[in-house]
Amino acid sequence: MDRFLAEVDSGRRFPADNLIGDILDYASAEGFGAVMRQIGAAGLNDAVVATARRFRERYLLAALDALGRG
């Protein structure tokens, strides 16, 4: 799972040219939030794992949130 999240974090797109590629492509894009909820995504709040993009930008979003409160 750590490696998959690292790949998502780097913005990798998986080729959807076979069953495994289709599954990884779905899980790393439009199905990201559902997959993360299903596995429990320990330590990450729902807003962070709602989409792959929010996951990739989690540090930027946290910094902007901190600036807004400070």
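List of remarks:
- No other residue among 28, 10 is among the polar types (S, T, N, Q) and surrounded by 15 or more Cβ atoms within 10 Å (Cβ to Cβ) apart from 28.
- Among the numbered conditions (1) crowded, with 16+ Cβ neighbours inside 10 Å; (2) modelled with pLDDT under 90; (3) assigned to a loop (DSSP other than H, G, I, E, B), the only one that residue 5 does not meet is (3).
- Residue within segment 2-12 that is charged (D, E, K, R) and touching a helix residue (DSSP H, G or I) at 6+ places or on another chain (Cβ under 7 Å) present: yes
- Looking across segment 26-60, the residues that are acidic (Asp, Glu) and either within 14 Å of residue 4 (Cβ to Cβ) or modelled with pLDDT of 85 or more (or both) come down to 30, 57.
- Residues of segment 31-41 that are loosely packed, with under 15 Cβ neighbours inside 10 Å and either farther than 27 Å from residue 65 by Cα or in contact (Cβ under 8 Å) with a residue 24 or more places away in the chain (or both): 39 alone.
- Filter result (more than 10 Å from the chain's Cα centre (by Cα) and either surrounded by 15 or more Cβ atoms within 10 Å (Cβ to Cβ) or not in a helix (DSSP H, G or I) (or both)) within segment 42-59: 42, 43, 44, 45, 46, 47
- Within segment 30-70, restricting attention to residues that are out of contact with any helix residue (DSSP H, G or I) (no Cβ under 9 Å at 6 or more places or on another chain) and among the polar types (S, T, N, Q), the residue that is nearest to residue 10 (Cα to Cα) is 45.
- Answer residue from segment 15-25, given it is over 17 Å from residue 2 (Cβ atoms) and either surrounded by 14 or more Cβ atoms within 10 Å (Cβ to Cβ) or modelled with pLDDT under 90 (or both) and is farthest from the chain's Cα centre (by Cα) among those: 16
The values are calculated or read from the model by the stated rules, or taken from the named source; none is laboratory data. Keep in mind that this is a model prediction, so the values were computed, not measured. No Cβ is skipped: glycine too gets one built from the backbone with ideal geometry, and neighbour counts run over all protein chains shown.
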